[in-house]
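Student: Sharing a structure here in structure tokens format.
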Amino acid sequence: MPDLTPERIIRLEDDAVVILDQRRLPDAEVELRAGSATEVAEAIAVLAIRGAPAIGVAAAYGLALAARRGEDLDAAAAALAASRPTAVNLRWALEAMREDPSPERARALHEREIERCRLMAEHGADLLEESARDGARVRVLTHCNTGVLATGGVGTALGAIREAWERGLVEHVWVDETRPLLQGARLTAWELETLGIPFSVVVDAAAASLMAGGEADVVLTGADRIAANGDVANKIGTYGLAITAAHHSLPFVVVAPTSTLDPRTRTGEEIPIEERDPSEVSTRFAARNPAFDVTPSELIRAIVTEEGVHRPPYTASLPVSSGAAAP
Ligand code: MRU
């Protein structure tokens with residue numbers, strides 16, 4: 001049985017940040033030892049560890065390691081901050097670490113993310129309980145990976161699905177494969193299999209026909225950055241899912257911690273979207289590889305944070321001040 005504990009996903013040891021290398025999953029469980037801030041930044045850039053909260057935790061451990069090694073902290077923080085541009089958790093974690101780059105501080109930040117996940121799972125499951133009409137169990141469609149691997153805690157959207165499953169509210173999970181790096185088909189499927197939750201992997205393009213056929217009740221995703229107006233950047237394909245859900249009058253719900261809220265970004269237009277190497281899409285032909293897209297807030301039925309369920313208008317309902325707060 002695979003080990004899904006937070007320490008297995010990422011931990012700080014005396015001389016390294018130890019990461020379960022997500023590029024190798026589900027075929028092999030291999031640990032990667034990053035021995036400097038630069039190596040942690042590289043692990044983030046190549047997606048050995050990924051998912052917005054998890055890369056925030058990785059950056060925090062990376063800076064603590066740099067401090068212990070006597071590295072130049074400005075250079076270490078700059079390398080970590082440059083590793084991926086979209087998830088605001090990275091910037092947030094580095095800012096939170098600068099005044100006290102100690103291992104204790106980094107572990108406290110990780111603990112706090114674990115607690116946020118636990119609370120989000122409760123609130124998200126409460127919401128699913130409301131949408132489970134006439135006591136019927138829900139069929140949830142999800143995108144990318146938003147579980148233990150993406151957070152170092154129980155997860156965001158997947159944490160809510162897990163909690164709802166434990167409450168007997170979930171019938172089935174449709175797992176978008178999530179082109180081009182298959183975070184759904186490899187990572188979400190692996191987590192759901194480990195947890196014993198019934199699921200099927202589907203190609204990303206199957207979502208519309210599943211909804212048209214009445215086979216999905218709700219779409220749940222995570223987020224990499226939420227602007228002050230409630231626009232959400234998340235894995236490429238999320239925007240299309242939100243449009244499709246709206247067309248079929250299905251709720252599209254985002255689950256994310258306040259460390260993913262960015263009050264300094266007013267709207268989604270200001271969110272930097274990572275462009276990855278086109279070779280991840282095609283090694284033979286010309287390609288483009290935007291890794292995220294922005295879903296406008298008007299398509300989002302609710303945003304769940306650890307503070308509760310927030311509904312439109314998000315400028316009024318989101319707890320925007322907490323995102324910048326210390327862990
Ligand atoms: O490129 P990735 O795998 O880091 O993208 C991750 C996502 O888009 C997740 O949905 C997001 O980080 C939320 S995870 C809790």
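The values are calculated or read from the model by the stated rules, or taken from the named source; none is laboratory data. As the structure is a computational prediction, the values presented were derived from the model and not from experiment. Virtual Cβ from ideal backbone geometry, glycine too; neighbours counted across all protein chains shown. Keep in mind that these areas ignore ligands, DNA and RNA; they rest on the heavy atoms of the full protein, side chains included. Shrake-Rupley method; radii C 1.70, N 1.55, O 1.52, S 1.80 Å.
Student: Run the 1.4 Å probe and let me know the accessible area of His247, rounded to the nearest 10 Å².
Tutor: Accessible area of His247: about 150 Å².
Student: If you don't mind, another one. On average, how much accessible surface per residue is there in segment 22-118, in Å², for a 1.4 Å probe, leaving out ligands, DNA and RNA? Before the final figure, lay out the partial values.
Tutor: Working: 3710 Å² over 97 residues.
The answer is 38 Å² per residue.
Student: Using modelled backbone amide H atoms (1.01 Å from N, in-plane), which distant-in-sequence or interchain residues come within less than 5 Å of His310's amide H?
Tutor: The list, which skips near neighbours in sequence, is Ile303, Val304, Thr305.
Student: Out of Val30, Leu94, Leu65, whose Cα points farthest toward the positive end of the dipole of segment 1-108 (charges: +1 Lys, Arg; -1 Asp, Glu; placed on Cβ)?
Tutor: Projecting each Cα onto the dipole axis, the largest value belongs to Leu94.
Student: Need one number: nm distance between label points at Ala28 and Thr194, each 7 Å from Cα along Cα→Cβ, rounded to one decimal.
Tutor: Each label point is offset 7 Å from its Cα along the Cβ direction, giving 1.8 nm.
Student: Over its Cα atoms, what ratio of radius of gyration to 2.2 N^0.38 Å does segment 40-189 give?
Tutor: So segment 40-189 has a normalised radius of gyration of 1.17.
Student: Over all distinct alpha-carbon pairs, what is the Kirkwood Rh of the chain in angstrom?
Tutor: 19.4 Å
Student: Something else: How long, wide and thick is segment 43-97, going by the Cα atoms along their three principal axes, in whole angstroms, largest first?
Tutor: 28, 20, 15
Student: Identify the residues of segment 58-86 with backbone N under 15 Å of a label point that sits 7 angstrom from the Cα of Ala108 along the Cα-to-Cβ direction, or state none.
Tutor: 60-61, 64
Student: To continue, here is another question. Could you sort Met211, Met1 by their accessible area in this structure, using a 1.4 Å probe and putting the largest first?
Tutor: So, going from the largest accessible area down, we get Met1, Met211.
Student: May I ask you to evaluate 6.51 cos²θ - 1.76 cosθ + 1.60, the Karplus curve with θ = phi - 60°, for each residue of segment 80-97 and list the ³J(HN,Hα) values in order in whole Hz, giving x for glycine and proline?
Tutor: Values, residue by residue: 5, 5, 7, 5, 8, x, 8, 5, 6, 4, 5, 4, 4, 5, 5, 5, 5, 8 Hz.
Student: Order of 91-99, 49-57 by packing, highest average Cβ count within 10 Å first?
Tutor: Working: 91-99: 20.0, 49-57: 29.3.
Highest mean packing first, the order is 49-57, 91-99.
Student: Based on C-alpha coordinates, I'd like the Rg and Dmax of segment 87-133, in Å.
Tutor: Cα only, segment 87-133: 15.2, 49 Å (Rg, Dmax).
Student: Cα centroid distance between segment 33-98 and segment 205-276, in Å?
Tutor: 25 Å
Student: Sorted by packing (mean other beta-carbon atoms within 10 Å per residue), highest first, where do 201-207, 248-254 land? Please report the intermediate quantities before stating the final value.
Tutor: Values: 201-207: 16.7, 248-254: 19.4.
Highest mean packing first, the order is 248-254, 201-207.
Student: Tally the DSSP beta bridges in the chain and give the antiparallel ones as a percent, rounded to 5.
Tutor: Bridges in the chain are about 45 percent antiparallel.
Student: May I pose another question? Show me 232-243, 272-283, 67-78 ranked by packing, highest mean number of other Cβ atoms within 10 Å first.
Tutor: Ranked by mean Cβ neighbours within 10 Å, highest first: 232-243, 67-78, 272-283.
Student: For the chain, what is the mean residue ellipticity at 222 nm derived from helices alone (per DSSP H run of n ≥ 4: -39500 (n - 2.57); sum divided by total residues; nearest 500 deg cm²/dmol)? Working shown, then result.
Tutor: Values: 12 runs with 121 residues, N = 327.
Rounded to the nearest 500, it is -11000 deg cm²/dmol.
Student: Rounding to the nearest 10 and keeping the result within 0 to 90°, find how far the Cα-based axis of helix 103-131 lies from the longest principal axis of the chain.
Tutor: 0 degrees
Student: For segment 6-111, state the average projected area of the convex hull of the C-alpha atoms over all orientations, rounded to one decimal in nm².
Tutor: The Cα convex hull of segment 6-111, projected and averaged over all directions, gives 5.6 nm².
Student: Toward the positive end of the charge dipole of the chain, about the Cα centre and with charges on Cβ (Lys, Arg +1; Asp, Glu -1), which of Thr221, Pro198, Gly56 goes farthest?
Tutor: My answer, from the dipole projection, is Thr221.
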